[in-house]
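The values are calculated or read from the model by the stated rules, or taken from the named source; none is laboratory data. These numbers come from a predicted model, not from an experiment. Each accessible area value is taken on the protein alone, full model and side chains, heavy atoms only, with ligands, DNA and RNA left out. Shrake-Rupley method; radii C 1.70, N 1.55, O 1.52, S 1.80 Å.
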Amino acid sequence: MTAATVHLNELNKQVEALTRQYESFVRTRQAATQSYVGYDKQIVQLRQRVDDAQQRVEMLMAQQGHMIETVAINHLEARRDRLVAQQLEARYGVAASYDRAARAQGGAGEK
């Protein structure tokens with residue numbers, strides 16, 4: 001019986017400690033809830049600002065993507081034009097080389 005009483009007293013101490021901890025939690029929760037009272041208008045305004053900013057960022061990202069695409073296309077077209085010009089120069093160079101070789105062969109055959 002004495003051992004049961006001792007264990008009961010120990011359990012009562014632990015229950016009291018848990019009750020104090022729970023009451024502290026309830027007070028903290030109530031304080032946190034009350035600390036937001038009166039900020040509804042500011043919170044709604046800030047949410048609206050965030051939504052507006054997010055829409056603006058999405059629009060700017062789309063514009064930036066289009067701009068990057070346009071710059072890349074222009075750059076590739078300029079490279080293509082340079083390659084075409086270099087190809088023409090190479091063709092004229094090869095033709096001139098054939099002409100010189102033909103003239104040199106023709107001149108060597110006459111001698």
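Structural remarks
- Checked against the criterion of being open to solvent by 70 Å² or more (accessible area, probe 1.4 Å), under 20 Å from the mean Cα position of the chain (by Cα) and among the aliphatic types (A, V, I, L, M), the stretch 88-105 contains not a single residue that satisfies it.
- Residues (open to solvent by 100 Å² or more (accessible area, probe 1.4 Å) and of a type outside the set (K, R)) located in the stretch 9-53: Q14, E16, L18, Q21, Y22, F25, Q34, Y36, V37, Y39, D40
- Of all the residues in the stretch 39-67, those that are at pLDDT 95 or above and among the β-branched types (V, I, T) number 2.
- The stretch 60-87: number of residues that are open to solvent by less than 100 Å² (accessible area, probe 1.4 Å) and of a type in the set (A, V, I, L, M, F, W, C): 8
Condition check ((1) in a helix (DSSP H, G or I); (2) modelled with pLDDT under 90) across all residues:
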position	(1), (2)
H7	yes, yes
L11	yes, no
V15	yes, no
L18	yes, no
Y22	yes, no
R27	yes, no
Q30	yes, yes
T33	yes, yes
V37	no, yes
